[in-house]
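Here the structure is laid out as structure tokens; the discussion comes afterwards.
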Amino acid sequence: MRRTMLFMPGSKPGNLLNGDVYGADSIIIDLEDAVALAEKDSARILTKHAMRTFHYDCELIIRINSLTTPFWQADLDAVIPEKPDVIMPTKIYTADDIRTIDAYITEIEKAHGMEAGGVKLLPLLETAASIEHAFEIATASPRMVGLYLGAMDLALDMKATRTHEGYDIAYARSRLVIAARAAGIDALDTPYTWDIHDNDGLAEETRMVKNMGFNGKACIYPGQVEVVNDIFSPTKERYEWALAIVKGAEEAEAQGKGVVAVNGELVDGPVIIIARNTVAEYEKINGVHRS
Amino acid sequence: MKGKLVASIEEAIRLCGLKDGMTVSFHHHLRDGDQVLPMVMAKIEELGFHDITVSASSIHGSHGCLADMIKSKVVTGIDTNFIHKCVGTTISEGYLETPAIFRTHGNRPHALATGEAHIDIAFIAASAADCQGNMNGVDGPSAFGPMGYAFADAQFADKVVVITDYLVDYPLTPISIDERYVDYVVKVDSIGDTSGIASGITTISKDPIGLKIAKTAVQVFENSGYFEDGFVYQTGGGRTSLATTKFLKEAMDRRGVHGACILGGINGLFIDLLEQGYFNKIVDTQCFDLKAVESLKNDVRHQEIACGHYADMCAKSCVAAHLTTVMLGATEIDTEFNVNIHTDSNGLIMGGSGGHTDIAYGAKLTVIVTPLLRQRRAAVLDRVGTKSTMGDTIDVLVTQRGIAVNPKHQGLRERLLDAGLPVKDIHELRKMARDLTGEPKPVAFTDKVVAKVYGYDGKLNDVIYQSKG
Amino acid sequence: MFCNQNFIDEQVNVIMKIKKEASAGTATKNDALITISPRDGEGIEVELKSIVKVQFGDQLIAAAKGMAQEMGVTSALIKIEDKGALDYVIRARVEAAVLRAQGGADE
């Protein structure tokens, strides 16, 4: 579950201490854009020590510098032995980029006696080429767990202008969701950067991308987490609706019936699947255990 | 009409018959902008007096002159509810001749009424006064709001001198404290800088940790069983405490709950809640910003009260005793829920109860909001440096990594757990803090007592020892 | 969150020489500015300025020295300007400063 991925700079000790208190499903420690060129080394080292010291109550993602910089290997050398859950590569163009990073991670895993393939990949798609190659990228490695859209750099690469309505990245969003779904991995949306305190605007954009099929949205400010989590979480009413259907389906199965009816109405196969997913999601988020 | 006007502070001091060994008093409504205490004390020093006890409702950042006067024995006693570190450090270093007396806002007027504490001459800053000594704090260029802390001084001091920079024709209206108590009136150029009233604590925190804690604190109130129409609310002056107002408003919208009254310590955030109809009334001893001052002057729903009416727990009743909930800060809190707001991690005096101890006792639900640690200083400890507010008056601790409920409230604990709030044992929070900071080396003290800390009931809560430095 | 402050790097057997003065970190809240420089003679000397010197001075010095020694440093002067950093920050800043004193971690 990645409803929210909260960014924090890898260079700030105070942030690293408190990253997991805001309720984000994942935190992204950033070694890339949030870190000045002159501090790439110290941020990477600080992140390594933070990973040794803290075991966060959520998924840990490390965003590394891109293949076009001299830093990406050093980033991986420092953090892979500390067993992050996920690495987020940046400025990806093709599936080969993913294979290059995969191979390097495998080398480090071997050298440290780690389980091969344990560290997952969730690349940032922020170039026009990466959107065109989205499905190949999504299936380039068994480590792949998701695709994450980076709107700012993508718009730059497309020579587009970022708009609040998102016309500029509408195609990229759709293409990314389709590719991720086809590959059976997560689709994650770009953060809301217009005004970090505008929770109404954030909610509106989040509802839109949820409807488009995204699993979640990155957050660049702790105050955004709860807004996004709420939208990507089933409500209690929705859960109760889904639970009735799941129970109906279970009963029908037990009685060997081919048709599921709830409250006298027939329920289609896809609806049962949606209901099962909703029940599982709600119970995971709210810690509900059904007997 | 000349009335009680005298030419200068010096003349007022002479006419009042100040002698070595006497007690003079001041209020702190101008907070960090106050110039009356420094002005009067400079004159007392210049006239060669010694062995003076300063009884001030609080000692703030603009009162640093007292540190030197303590060293030169002009001042040998302090009786107050709060001491800023600019004077506190000097006291902790052992320079004050007699132990400083810390009271609470509510108990100070009680002690004055019973004679337990005595003032020989009260010097009362008023933003407006007439020549007979009728005074208020809402008119004039240095308006600071209510005169809550000065009522008891006016009532119980042997002599009362009003100091103002805005003299109006008799009679002044409205009147906060009236002429019956006043001996002399002095007009000066300025009583202080009103921009210092805010003392930097009246804007909502942008610190995400503070906001997270404030939000959780409001969720605690919302699910405590006390969140219902007619509740009475107060927050401390810290940023995180104040940030609860933002989330309180959201909770009131969500649940359609309406409040009776805000008590304070009032700033513009509370004025918004009054004006937007979230609460019926504001009851006010002290303004924290100029928006609050404006409101007190213009809105009849915003009522000035005397400090004893605010929080004297020994009176037949007081407003703080009717509080539903209060959100308060803490420098340190220990596993018995005792709170320290007097001394820093080095054991040096840098604060005081103010009303903390009174309202913690008065409120049905007292919530302490604090981060688990500030830099490397743990806020949750095995034992606090100074017991300012006793643990049996604290109900809930809220940190960014969880909530602890005082074990005497099992029912409350269950309600918060049922609401899905992250309730933990306070020892667990203590362990988290210690795992992060490591075990500190204890700070060293001599066996000389430099201050005594009294509670809402006038009983001794703790003493503070001289720092070994 | 679970926290473990007792991580110790594998001791290296090479000697790491401090070739020039180098700094890492910042003198801001929760952080520390660490400056390492060559020193005549053997041993690691630490100069500490800290807002929590009384309570945590020994631990801060031990963390800085320990990290430098684990990296193979045998002679250096380490100056710490601490604003309430936890041990892991001290160790990270010392590691970065030592590497920079070699000519830079990225060079």
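The values are calculated or read from the model by the stated rules, or taken from the named source; none is laboratory data. What you see is a predicted model; the values in this text were computed from it and never measured. Cβ placement follows ideal geometry from the backbone for every residue including glycine, while neighbour counts extend to all protein chains displayed. We work out accessible area using only protein heavy atoms, side chains counted, and drop any ligands, DNA or RNA first. Shrake-Rupley method; radii C 1.70, N 1.55, O 1.52, S 1.80 Å.
Annotation: of all residues in the range B:441-466 being open to solvent by 70 Å² or more (accessible area, probe 1.4 Å) and at pLDDT below 95, the one that is nearest to B:Ile78 (Cα to Cα) is B:Pro442. Note on the range C:39-49: residues that are of a type outside the set (Val, Ile, Thr) and either within 18 Å of C:Ala62 (Cα to Cα) or at pLDDT 95 or above (or both) total 6. Taken over the range A:156-182, the residue count meeting the criterion of being open to solvent by 30 Å² or more (accessible area, probe 1.4 Å) and assigned to a helix (DSSP H, G or I) is 11.
Conditions tested, residue by residue: (1) closer than 25 Å to B:Gln400 by Cα; (2) among the hydroxyl-bearing types (Ser, Thr, Tyr).
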position: B:Leu211; (1), (2): yes, no
position: B:Ser224; (1), (2): yes, yes
position: B:Val232; (1), (2): no, no
position: B:Thr235; (1), (2): yes, yes
position: B:Thr240; (1), (2): yes, yes
position: B:Leu248; (1), (2): yes, no
position: B:Met252; (1), (2): yes, no
position: B:Leu263; (1), (2): no, no
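Looking at B:Leu421, B:Leu436, B:Leu417, B:Leu412, which one is of a type outside the set (D, E, K, R), under 24 Å from B:Lys212 (Cα atoms) and open to solvent by 50 Å² or more (accessible area, probe 1.4 Å)? Just a single option satisfies the conditions, and that option is B:Leu417.
Of all residues in the range A:21-40 being surrounded by fewer than 22 Cβ atoms within 10 Å (Cβ to Cβ) and either within 9 Å of chain C (Cβ to nearest Cβ) or free of Cβ contacts under 8 Å to residues at least 60 places away in the same chain (or both), which is farthest from A:Tyr148 (Cα to Cα)? My answer is A:Ala38. Only residues that are under 30 Å from B:Ala260 (Cα atoms), hydrophobic (A, V, I, L, M, F, W, C) and not in a strand (DSSP E or B) were counted in the range B:304-349, giving 15.
Scanning the range B:420-469 for residues that are of a type outside the set (Gly, Ala, Ser), assigned to a loop (DSSP other than H, G, I, E, B) and over 19 Å from B:Thr386 (Cα atoms) turns up B:Leu421, B:Pro422, B:Asp425.
No other residue among C:Gln102, C:Gln69, C:Gln55, C:Gln59 is open to solvent by 30 Å² or more (accessible area, probe 1.4 Å) and at the interface with another protein chain (Cβ under 10 Å from one of its Cβ atoms) apart from C:Gln59.
Restricted to the range A:193-291, the set of strands (runs of 3 or more DSSP E) holding at least 1 residues that are within 25 Å of the chain's Cα centre (by Cα) and in contact (Cβ under 8 Å) with a residue 40 or more places away in the chain comprises A:216-219. Quick one: in the range A:186-229, of everything that is of a type in the set (Phe, Trp, Tyr) and away from chain B (no Cβ under 14 Å), which residue is most open to solvent (accessible area, probe 1.4 Å)? Selected residue: A:Trp194.
Got a number for residues in the range A:49-66 being more than 7 Å from chain C (Cβ to nearest Cβ) and of a type outside the set (Val, Ile, Thr)? Total meeting the criteria: 7. Among the residues of the range A:48-70, those that are in a loop (DSSP other than H, G, I, E, B) and either polar (S, T, N, Q) or open to solvent by less than 20 Å² (accessible area, probe 1.4 Å) (or both) comprise A:Ile64, A:Asn65, A:Ser66, A:Thr68, A:Thr69.
Restricting the range C:78-92 to residues that are more than 8 Å from chain B (Cβ to nearest Cβ) and assigned to a helix (DSSP H, G or I), the residue that is most open to solvent (accessible area, probe 1.4 Å) is C:Arg91. Evaluate the following for B:Asp68: is it farther than 22 Å from B:Gly94 by Cβ and either at pLDDT 95 or above or surrounded by 17 or more Cβ atoms within 10 Å (Cβ to Cβ) (or both)? It is false that B:Asp68 is farther than 22 Å from B:Gly94 by Cβ and either at pLDDT 95 or above or surrounded by 17 or more Cβ atoms within 10 Å (Cβ to Cβ) (or both). Is there a residue in the range B:340-362 that is closer than 22 Å to B:Val218 by Cβ and surrounded by fewer than 22 Cβ atoms within 10 Å (Cβ to Cβ)? Checked against the condition, which is being closer than 22 Å to B:Val218 by Cβ and surrounded by fewer than 22 Cβ atoms within 10 Å (Cβ to Cβ), the range B:340-362 yields no hits at all.
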